[in-house]
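Let me begin by presenting the structure, written as structure tokens, before commenting on it.
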Amino acid sequence: MPVINRIAEFADEVAEWRRDFHVHPELQYELPRTSGKVADLLRSFGVDEVVTGIAKSGVVGVIKGRGPGKTIGIRADMDALPILERTGLDYASQTPGRMHACGHDGHTAILLGTAKYLAETRNFDGNAVLIFQPAEEGGAGGRAMVEAGIMDRFGVEEVYGLHNMPGQAAGSIAMRVGGLMAASDEFNIVVEGQGGHAAWPHNTVDPVMIAAQLITALHTIVSREIDPIRSAVLSVTMMQGGEAFNIIPQKVKLTGTVRSLNDEVRDLMEERLKAVTKGIVETFGGKAEVTYRRGYPVVENTPDETAYAAAIAASVVGEERVDANVDPKMGGEDFAYMLQARPGAYVFLGNGPSSELHSDTYNFNDEIIPVGVSFFVKLVEGASQR
């Protein structure tokens, strides 16, 4: 079954919703216009239940099918990024410093299109629970929605989501069982020495030199302590210290990120970062304060639900355009919290040859909307037949 004809008929309308969201981006949990429009559209479709204000600005819509069956949750994220848009589009952001640079406008529109079709046809058993969440971009809105009790409140049995993927063939679908996207952690290290005049370094404990040694040492953790067939990334991304050319400062701050695809490697990375930091800094006579913050967990697709998603994807786009064992990505994604709460699968929907996510020239490809909507619809319609 390819793209559904009725969905292709109203795809332009869905694209207009997407472009409206693009013009009016909102951040984190502050989504009054976005969530308000989502709720209004759901009501206009005849969705049976529309609940707003979940985790401050989240929206859930429930569509009842013909009779008893599974309750399937489908999620979209709604928030934009604090980026100045440079696309030059007719529908570019009208709010300087805010931009839908990750395609959440497209994800939201796809789920709205799904709601429109399912409410019209109701060609399924059970219930469809449509989850519109805030604050995916660093605010853990997915966790907040789960903690607000949406899985139990709405009886969700399985949960699915998608993310557009630049560079992947437009309209193709990819996924894998297990770790699809990485746990995303961050660290801050304050190296403290003894400041003084740069002409007499022997009278100081130089935190700049210590930090330089530490950066090199930290980057050996992955290359020399992690099994090469397992994945991890450690990147030091900021170094701050000093105010004058002739003064050795008292402190230097390092900041960075650690990514991993399973809990064992995640634990080891944190342990070794702290141990290496202590060893290097104390060797040179300094002190270190380490703050390590665990962010989003690994996006772990469950086997049965991933196999089901792959079969549905093949029915929409053809087996040749489905990769059921795609390489994982080391980016983070808070859909992970929903997959910790319920079995399910997250998939990549190809955006074609576009700018990268979080780029100021990125734009969602409206041509893939009918594929995304058809995929979600078929997930719901086929769930009770498994």
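Measuring from the lowest to the highest alpha carbon on each principal axis, how far does the stretch 179-294 reach, largest first, in angstroms?
For the stretch 179-294, the Cα extents along the three principal axes come out at 51, 23, 18 Å.
What are the aspartates and glutamates whose alpha-carbon lies under 15 Å from the alpha-carbon of Lys37, with same-chain residues fewer than 8 places away excluded?
Straight-distance partners of Lys37: Glu13, Glu16, Asp20, Glu26, Asp77, Asp79, Asp105.
Here are labelled values, (1) 28, 59, 13, 0; (2) 27, 50, 20, 4, 0; (3) 24, 50, 21, 6, 0, and one is the computed P(r) over Cα pairs in 20 Å bins from 0, in percent for what I pasted. Which one?
Here the calculated entry is (2).
What's the local net charge at Met165, with K and R +1, D and E -1, over the other residues with C-beta under 11 Å away?
Here the charged neighbours net out to -1.
The stretch 1-40 to the stretch 282-338: how many Å between their Cα centroids?
Taking the Cα centre of each part, the stretch 1-40 and the stretch 282-338 sit 25 Å apart.
Suppose the chain between Phe10 and Val51 were pulled fully straight at 0.36 nm per residue; how much longer would it get relative to their current alpha carbon spacing?
12.3 nm
If packing is taken as the mean number of other Cβ atoms within 10 Å per residue, what is the order of 218-224, 189-195, highest first?
189-195, 218-224
Provide the packing ranking of 253-266, 285-298, i.e. peptides ordered by the mean count of other C-beta atoms within 10 Å per residue, highest first. If you can, show how the numbers build up before the last one.
Numbers: 253-266: 19.6, 285-298: 16.6.
Highest to lowest by the protection proxy: 253-266, 285-298.
Once each part is reduced to its C-alpha centroid, what is the distance from the stretch 81-134 to the stretch 184-219 in angstrom?
Here the two parts' Cα centres lie 45 Å apart.
Could you tally the net charge around Phe132, taking each other residue with its Cβ under 9 Å from the Cβ of Phe132, Lys/Arg +1 and Asp/Glu -1?
Its environment carries a net charge of 0.
Report, ordered by chain and residue number, the lysines lying within cross-link reach of Lys287, taken as a straight Cα distance under 26 Å and ignoring same-chain residues fewer than 8 apart.
Lys251, Lys253, Lys274, Lys278
Determine the relative contact order of the chain: mean sequence separation of Cα pairs under 8 Å and six or more apart, normalised by residue count, in whole percent.
Result for the chain is 25 percent.
Just add up the charged neighbours of Lys251: K/R +1, D/E -1, any other residue whose Cβ is under 12 Å from the Cβ of Lys251.
Numbers: positive: Lys253, Lys287; negative: Glu192, Asp206, Glu243, Glu289.
That works out to -2.
Packing-wise, with mean Cβ within 10 Å as the measure, how do 348-361, 57-70 rank, highest first?
So the peptides 348-361, 57-70, ranked by packing, come out 57-70, 348-361.
What number, rounded to the nearest 500 deg cm²/dmol, is the helix-based mean residue ellipticity at 222 nm of the chain, given -39500 (n - 2.57) per DSSP H run of at least four residues and division by all its residues?
Mean residue ellipticity at 222 nm (helix-derived): -11000 deg cm²/dmol.
Over the stretch 90-244, calculate the relative contact order: mean separation of alpha carbon pairs under 8 Å at least 6 apart, over the residue count, as a percent.
Values: 49 pairs, mean separation 17.2, N = 155.
Relative contact order comes out at 11 percent.
How are the C-alpha pair distances of the stretch 1-84 spread across 10 Å bins, as whole percents from the shortest bin up?
Result, from short to long distances: 14, 40, 35, 11, 1 percent.
In what sequence, largest accessible area first, do Ile247, Ile210 appear using a 1.4 Å probe?
Descending accessible area places them as Ile247, Ile210.
Taking 0.36 nm per intervening residue step and subtracting the Cα-Cα distance, what contour gain separates Ala212 from Glu289 on full extension?
Additional length available on full extension: 26.1 nm.
How far, in nm, would the chain grow between Gln385 and Asn123 when pulled straight, counting 0.36 nm per residue and subtracting the alpha carbon separation?
Taking Gln385 through Asn123 to full extension adds about 93.1 nm, to one decimal.
The values are calculated or read from the model by the stated rules, or taken from the named source; none is laboratory data. From a predicted model like this one, the values you see are computed outputs, not experimental measurements. So basically every Cβ, Gly included, is an ideal-geometry build from the backbone, and we count neighbours across all protein chains shown. Keep in mind that these areas ignore ligands, DNA and RNA; they rest on the heavy atoms of the full protein, side chains included. Shrake-Rupley method; radii C 1.70, N 1.55, O 1.52, S 1.80 Å.
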